[in-house]
Amino acid sequence: MTTMSTTATSGYGLRDYVASIEGVLARRPANKIIIREVSAATKQLCASDRWLEERHRVGNPDRYTRHLLHRDPQNRFVVLALVWMPGQMTPIHDHSCWGVMGLIQNSLEEVCYDRLDDGKRADYAEIEQSRGTDVGQGGVAYLLPPYEEIHRIGNTSDKPTISLHVYGRDLDEVNVFDPVSGKVSPMRIKYYSPECGKEPFVI
Ligand SMILES: [Fe+2]
C-alpha cells in the first residue's frame, strides 16, 4: 500500500461511498484508476465517523474484528470496518485483488513486503520487507496487485483503532506468508456478525 491524500467533505456517508464506488466500477477502468478514485472517496468518508453505527465499532480482546458493511450484489467489491485493540495485527498476507484502506479512528502500522522468487510455486515464496508506514486518522493507503499487495497491518498504539477497507472481491480467503521458512498457506477469514451471539465470527 502507498499513502495518498485528497480533499475531505462533510455529510458524506456509507451510502454515498458505495454509490461512488459503483460509479467508478461501472466505467470498468484499469485497477490503477480504481485505486486513485476509490482512495479519494475513502478519504472523504473517513473525514468523519458519524456515519458508522455503534454495532460496527465492537471489538474483541482476543483478535481484530471484521465487520461487513456492504457486499456488492454483483460481487465486484466489499466494504468492511475493522476494529483493532492495542497490539492486534494480521499475519503477513496477500489479497489477489485491488484494495483501499482508510483510518476512521486512531492509526495503524503497515509493513510491506516484496516477493523475490518467480511466484511459480503456490506453497512457497521468498519475501523481503520493503517499508513500514504509520497511517494516521483520516489517512488512506492502497493495494495494487501484483507487486504492491503483500503486507501486514496492526495497531501498535495503546488505543483502539477503527479502519475502513474496500476490496475488489469478497475477501474470504488470503494467503499467509512465513518469512523464515518461505511457506505460503491459504487462510479462511470471516466476518463478525451480531447474529452469531456472544462469540464474534472472526479470525
Ligand atoms: Fe491486507
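The values are calculated or read from the model by the stated rules, or taken from the named source; none is laboratory data. As the structure is a prediction and not an experimental result, all values here were calculated from the model. All Cβ positions, even for glycine, are placed from backbone atoms using ideal geometry, and neighbour counts span all protein chains on display.
Starting from the range 93-113, take each residue that is more than 21 Å from Glu173 (Cα to Cα) and list its partners that are within 13 Å of the ligand (Cβ to nearest atom) and at pLDDT below 95, counting only C-beta distances under 7 angstrom and pairs at least six apart or across chains.
Once the first residue is more than 21 Å from Glu173 (Cα to Cα) and sits in the range 93-113, no partner that is within 13 Å of the ligand (Cβ to nearest atom) and at pLDDT below 95 comes close enough.
Among the numbered criteria (1) within 12 Å of the ligand (Cβ to nearest atom); (2) farther than 17 Å from Leu108 by Cβ, which single criterion is violated by Val184?
Going through (1) within 12 Å of the ligand (Cβ to nearest atom); (2) farther than 17 Å from Leu108 by Cβ one by one, Val184 breaks only (1).
Select from the range 52-62 the residues that are surrounded by fewer than 16 Cβ atoms within 10 Å (Cβ to Cβ) and either assigned to a loop (DSSP other than H, G, I, E, B) or among the polar types (S, T, N, Q) (or both) and list them in ascending order.
Glu53, Val58, Asn60, Pro61, Asp62
So which of Ser96, Ser48, Ser39 is among the polar types (S, T, N, Q), in a loop (DSSP other than H, G, I, E, B), within 16 Å of the ligand (Cβ to nearest atom) and surrounded by 14 or more Cβ atoms within 10 Å (Cβ to Cβ)?
It is Ser96.
So if I check each of Arg36, Arg50, Arg63, Arg27, which one is more than 12 Å from the chain's Cα centre (by Cα) and more than 24 Å from Glu149 (Cβ to Cβ)?
Only one candidate passes the filter, namely Arg50.
Filter the range 102-125 for residues that are part of a strand (DSSP E or B), within 19 Å of Lys183 (Cα to Cα) and not aromatic (Phe, Trp, Tyr) and give the result.
Answer for the range 102-125, where residues must be part of a strand (DSSP E or B), within 19 Å of Lys183 (Cα to Cα) and not aromatic (Phe, Trp, Tyr): Val111, Cys112, Asp114, Arg115.
Return yes when Val83 is among the β-branched types (Val, Ile, Thr), closer than 13 Å to Tyr142 by Cα and not in a loop (DSSP other than H, G, I, E, B) and no when it is not.
Judged against the criteria, Val83 is not a match.
Do the conditions hold for His67, that is, is it free of Cβ contacts under 8 Å to residues at least 40 places away in the same chain and touching a strand residue (DSSP E or B) at 6+ places or on another chain (Cβ under 8 Å)?
Judged against the criteria, His67 is not a match.
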